[in-house]
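Have a look at the structure below, then the notes.
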Amino acid sequence: KHADTIIRALPKTDSRVPLIIAGEGKEEQNFRNLAKTLGVTDRITWLGYLNHGQMKDVYQSVDAFVLMSPYEVQSIVTLQAIACGLPVLACKEGALPELCHDGVNGFTIATDDDATLADKMNIIANDKKLREKMGKESRNISLPHDRETALAKLLEFYKKIVAS
C-alpha cells in the first residue's frame, strides 16, 4: 500500500520525526530493508497486527495519520483516524480526498511523491496550532460518517431503489 513512499520520506524529515507502522503483510521485510538502506530503522516502530482497541490507543497517542495507498475504496482506517481528531497526510487517490481535505484537515499528496510528503510531515510536526486546527476539522469531517447516519442514508437509498 505504498508504505515505501512514507519510509522514503522519513530521511527528508526533521530527525525528531518518528514513524509508527501498524499492520503486517508480505512486503514488510522489503520495507524493513528499505528503512535499513536509508538509515532510518531507529526512527521506525513496527507494531504489527493490531485489533480495534489497540488501534484506538495508537490513534490517541500520535500527532498525525499518514496513508499513501491509492487503493482505498472506503478507507475505514482513515475514517477512524479523523474520528480521533488527527490531521491526515494522504495520497490523492480513491476515497482519501473525501476524508482528507487538502489544507483543511491535512494534506493530499501524489502517491509516490516522498519529497512533498516529507515537507508536509515537517509542517505538521513543527506547528502544534496547525495540528490542533486540522485535528478539529478532521473530527468535524468524520461526524457525517458515523454508523447511524451512514445506515440511515443507506436505508433511504434502498427505499428509493425499491420504489423505482
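The values are calculated or read from the model by the stated rules, or taken from the named source; none is laboratory data. All figures in this text were calculated on a predicted structure; none of them were measured in a lab. Backbone-built Cβ (ideal geometry, glycine too); neighbour counts: all protein chains shown. Surface accessibility is based on the protein's heavy atoms, side chains included, excluding ligands, DNA and RNA. Shrake-Rupley method; radii C 1.70, N 1.55, O 1.52, S 1.80 Å.
Values as computed for the structure displayed
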{"quantity": "Qualifying residue in region 145-152 (condition: within 29 Å of Leu19 (Cα to Cα), under 15 Å from the mean Cα position of the chain (by Cα) and open to solvent by less than 90 Å² (accessible area, probe 1.4 Å))", "calculated": "no"}
{"quantity": "From the options Lys120, Lys128, residue that is at pLDDT 95 or above, within 16 Å of Val62 (Cβ to Cβ), open to solvent by less than 80 Å² (accessible area, probe 1.4 Å) and not hydroxyl-bearing (Ser, Thr, Tyr)", "calculated": "Lys120"}
{"quantity": "Failed criterion for Glu93 (all others in (1) within 18 Å of Val17 (Cβ to Cβ); (2) part of a loop (DSSP other than H, G, I, E, B) hold)", "calculated": "(1)"}
{"quantity": "Top-ranked residue of region 37-90 - restricted to ones that are of a type in the set (Asp, Glu) and closer than 21 Å to Asp4 by Cα, ranked as modelled with the lowest pLDDT", "calculated": "Glu72"}
{"quantity": "Selection from region 72-92 of residues that are open to solvent by 40 Å² or more (accessible area, probe 1.4 Å) and either within 25 Å of Lys12 (Cα to Cα) or more than 13 Å from the chain's Cα centre (by Cα) (or both)", "calculated": "Val73, Lys92"}
{"quantity": "Test result for Gly25, part of a loop (DSSP other than H, G, I, E, B) and surrounded by 14 or more Cβ atoms within 10 Å (Cβ to Cβ)", "calculated": "no"}
